[in-house]
Amino acid sequence: MQHFSLFRTLAYKRWSKRLGPTTEPFGGVALQLGVSVLSTAFITGVSRLFEAQLHLPGVVMLFFLGVVLCAYGSGVYASGLSALLSVGAFNYFFVEPRHSLLVDATESWLTLAGLLFLSALISSLTLRLQMATQRAQWQQSQSEQARQLLELLIGLDARETMLQVAADLMSKFLGGAVQVLSPRPDTTHQLAAQGTPFDVDHRLLNWVLAHGCMAGWGTAREGHWPYVCVPVELPAEQACVLCFQPHPQQAFGMAPSRQALLDTLRILCQQLSLALQRERAIRDAREAWTAKEQETLRNTFLTSVAHDLRTPLASILAAATALKSAQHWHSGEHATRLLEAIGTEVRQMAKITDNVLTMVRLTERHQSPLRADWESLEEIIGDVVSRHRQRDFLHVPLTIRTWVPTDLPLVRVDGPLISQFMDNVLDNAARHAPQGQIDIRVRTQGEHLVLDVEDNGPGFPSALSGLLTSRFHRGDDVSDRRGFGLGLTICQAIAQAHQGELTLAARLDGETGARVSLMLSFPRQPTLQTLEMPT
Amino acid sequence: MSGLIYLTEDDPEMGNVVLSSLSREGFKVCWFQTGQATLDGLRQMQPDFCLLDLGLPDIDGLDLLRRIRVDFAGPILILSARGFETQKVKALDDGADDYLVKPFGMGELLARLRVLRRRQQGLQSARSEWTIDDLVIDLNRHSVERAGQPIHLTPIEFTLFATLIRAKGQLLTHRKLLQAVWGSDAVDQTHYLRIYMGKLRAKIERIPAEPTILLTETGVGYRVCGLT
């Protein structure tokens, strides 16, 4: 999805470059008038030069041509003035008496009236044609923009980015400043903006949200404001309004009329609203799915914990009842063994409780599960190994060997969690290794540190690696041995919380045995410059 | 062992077991089930040790710890079911001398009490020469030797080592060590400690990855072990 979003964003940037700055379709009034004066003067000059060849009807046709060109090329003012000037010039230079605006013959009157009428008619028709062409072009452009907007928004999944993309597009296309605002009871929060900032009246925003329709510039409601507000999203917690202020010098931008511009704005806002609704629906569906998964996970978790607790509880109860019911005939040695078993099982239960607490912490949704700090893997390994050596795990003497490079870089991890990861892996290795031999090795692999824990037990079943993603998996030996379900799940969760990778595999040296590897990336090392002298 | 112990524990089963076990070892134990009763007891008589549970019905455990520390200078050992490292660090920074997470064995509790007693007795003597296995450390002369061969430590490494030795086996939090060696401004720069403890371990320990002298309690702090 991220690649897709990036592609859309780049496409949007390319598009916005292609659009370029907005242009002014109609020249100023002065320019229009100047064009019409010059064109009439030019046609008069040409007619005078070729009067003998053209005769009067040809001259009239030339003046018609001038009016048409002015109407088509310059606009309403140019065509109107051109029609008047053409009639005046024709009268002055070509109708008897010449060089005078007087008209002698009735026939000449009729010619002048016809010229004026036809000039006005042609001017009007040409202008209508021009307007129709502009409207059609605008509508085509509007459809194209709506399609572009939808296409850009489809690839995005962050609400803020979607709003900013829409603001950029509308600002460029409509020619003005855009702000997307979210009104709150006491303040107004700006979600996106493009163009010159402008102040928006808080009451107008609230009115727009309350009534769900546009208000401001060019609308029936509060039309005197220099900007128009359009509702985009209405749910109370995400309500937002898009405000558009046209450029003061560009009137309606490229739009043929104010109404056309407002219609386009409304259509684009509807597209934006639909895209936001779609994004919200996808998010809600994802959250619902996550909640369902959490629920399933919680149930599986509780079942797994109950199973893991039941086993030591059974041992404790058996040992305690044996001690109580037959105390008088038990030898001191036998009683000591039973008491030791109780102690071992209690420690096992304490470990399960630690794992449960860690699991709760790691799955806490509203806070970061990591308390990351600069840590030395050498220290953590030393701490865990010394604790494991202090006890005779399940009455099997442990042989733990370590290979840790002396120049190991620091890692940014949650030390106690990595320590717990190693505890779980060592417990598992000790449980499955008949000779109790465990090798701990730290090595670098590219830009990663890899922590390997290998034992000389029977190794993992080949199918187990693929089951890592399914939580609380326990081996097929549930009935006769303690499962590694909870412990493995904690290890996997710890690895994931560190953006690390957990691997279950065979030993690297090819011997029989299991290997659990944790791959961590090591970041840029902290500086040493302030460490030289104590204060 | 003997001495007066104030035990603050609201759970009757736990209180009974600790009371009877310590009494059998020769201690005189006063058992309080609330924080307020402990504070009242402290006003009447000063014990040799305080054993404090953090989950009490009337006063927050850490708050009680700070209030006890105002009037009581002796060793305080926390007995708590709260096992997260952040809680241990808070208690140790607020004046506790050691922290034992429930469940624990009585042997472990007695061992911790012995360490605290030795430390308490050592505080009264201003020794400068210490030995750890075959290491000889002279705090006045700033020297460390192993089997007669001098080990060169930089000023920071020696200050760090000396701070741990002066604590006589007590667990020192990262914060306390950073403050003692680099000053108050550096209390959050834990990487200083990681780097210098690594250097120190490489010089002091026989196998740095399997330390026997400079012990780490991950997420909490460091202690020195084997001081004689």
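A short reminder: the numbers here are calculations on the coordinates, not readings from a lab. This structure is a prediction, so every number in the text was calculated from the model and none was measured. Neighbour counts run over all protein chains shown; Cβ positions are idealised from the backbone, glycine included.
One-quarter of the Cα convex hull surface for the stretch A:156-283, in nm²? If you can, show how the numbers build up before the last one.
Details: hull surface 28.9 nm².
That works out to 7.2 nm², a quarter of the Cα hull's surface.
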Under 12 Å from a point placed 7 Å out from the Cα of B:ARG118 along the Cα-to-Cβ direction: which residues of the stretch B:200-228 have their backbone N that close? B:224-228
Could you give me the percent of Cα pairs per 10 Å distance bin for the stretch B:1-70, shortest bin first, beginning at zero and ending with the bin that holds the maximum distance? 21, 55, 23, 1
Average partner chain C-beta neighbours within 10 Å, per residue of B:214-223? 6
In vacuo Debye scattering of the protein assembly as shown, one point per C-alpha: log10 I(q)/I(0) at q = 0.09 Å⁻¹? -1.00
Below 8 Å between Cα atoms, with a sequence gap of 6+, how large is the relative contact order for the stretch A:287-361 in percent? 38 percent
Semi-axes (Å, rounded, descending) of the ellipsoid equivalent to the stretch B:129-224 per its C-alpha gyration tensor are 21, 14, 12
Any chance you could check the Cα centroid distance between the stretch A:203-225 and the stretch B:131-176 for me, in angstrom? 77 Å
How long is the gain from B:THR86 to B:ASN16 if the chain were fully straight, where each residue apart is worth 0.36 nm and the alpha carbon distance is subtracted? 22.3 nm
Overall form of chain B per C-alpha gyration tensor (a/c, 1.5; a/b vs b/c): prolate
With all distinct Cα pairs included, what does the Kirkwood hydrodynamic radius of the stretch A:87-161 come out to in Å, to one decimal, could you say? 16.9 Å
Note on chain B: contact order normalised by length, alpha-carbon pairs under 8 Å, 6 or more apart, percent, works out to 14 percent
Could you compute the longest span of chain B free of trypsin sites (Lys or Arg not before Pro) located in DSSP loops and having at most 15 other Cβ atoms within 10 Å, not counting the site residues? B:1-126
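Hydropathy first: keep DSSP H helices in chain B averaging at least -0.5 on Kyte-Doolittle, then drop any whose Cα extent along the axis falls short of 15 Å, and list what survives.
Details: long enough: B:12-24 (18 Å, 0.15); B:61-71 (16 Å, -0.07); B:106-124 (28 Å, -0.55); B:155-166 (16 Å, 1.08); B:190-204 (21 Å, -0.23).
Span-like helices, by this rule, are B:12-24, B:61-71, B:155-166, B:190-204.
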Rough spin-label spacing in nm, given labels placed 7 Å along Cα→Cβ, for B:VAL70 and B:LYS28: 2.7 nm
Could you give the length gained on full extension between A:ARG98 and A:THR187, defined as 0.36 nm per residue of separation minus the Cα-Cα distance, in nm? 24.6 nm
In nm, give the distance between the simple-model label positions of A:GLU340 and A:GLU160, each being 7 Å from the Cα along the Cα-to-Cβ direction. 6.1 nm
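Suppose every K and R has +1 on its Cβ and every D and E has -1 on its Cβ; what is the size of the dipole of the protein assembly as shown about the Cα centre, in Debye to the nearest 20? Don't jump to the answer; show the numbers that get you there.
Working: 74 positive and 79 negative charges, 80 e Å.
I would put it at about 380 debye.
Determine, from the Cβ-Cβ distance of A:LEU302 and A:ALA132 and an R0 of 60 Å, the FRET efficiency 1/(1 + (r/R0)^6), rounded to the nearest 0.05.
Details: r = 72 Å, r/R0 = 1.21.
Taking R0 as 60 Å, the efficiency between A:LEU302 and A:ALA132 is 0.25.
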Would you give the gap between the C-alpha center of the stretch B:56-90 and the C-alpha center of the stretch B:1-28, rounded to a whole Å? 17 Å
Relative to the Cα centre, what is the charge dipole magnitude of the stretch B:129-224, using +1 at the beta carbon of each Lys and Arg, -1 at the beta carbon of each Asp and Glu, and rounding to the nearest 20 debye? 120 debye
Taking the Cα centre of chain B as origin and charging only Cβ (+1 Lys, Arg; -1 Asp, Glu), how large is the dipole, in debye to the nearest 20? 660 debye
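Would you mind ranking A:ASP383, A:ASP407, A:ASP157, A:ASP452 by Cβ crowding within 10 Å, fewest neighbours first?
Values: A:ASP383 23, A:ASP407 7, A:ASP157 17, A:ASP452 20.
Sorted ascending by nearby Cβ count, the order is A:ASP407, A:ASP157, A:ASP452, A:ASP383.
Estimate the FRET efficiency between A:GLN259 and A:ALA41 by the formula 1/(1 + (r/R0)^6), using the beta-carbon distance for r and 30 Å for R0, to the nearest 0.05. Mind showing how you got there, number by number?
Values: r = 38 Å, r/R0 = 1.25.
Efficiency for this residue pair is about 0.20.
So which of B:LYS90/B:LYS168; B:LYS88/B:LYS176; B:LYS28/B:LYS176 end up more than 25 Å apart by C-alpha? Mind showing how you got there, number by number?
Working: B:LYS90/B:LYS168 21 Å; B:LYS88/B:LYS176 13 Å; B:LYS28/B:LYS176 33 Å.
The answer is B:LYS28/B:LYS176.
Please compute the length gained on full extension between A:GLN496 and A:THR512, using 0.36 nm multiplied by the number of residues separating them and subtracting their Cα-Cα distance. Show your work: numbers first, answer last.
Working: separation 16, 0.36 × 16 = 5.76 nm, distance 2.78 nm.
Between A:GLN496 and A:THR512, full extension yields an extra 3.0 nm.
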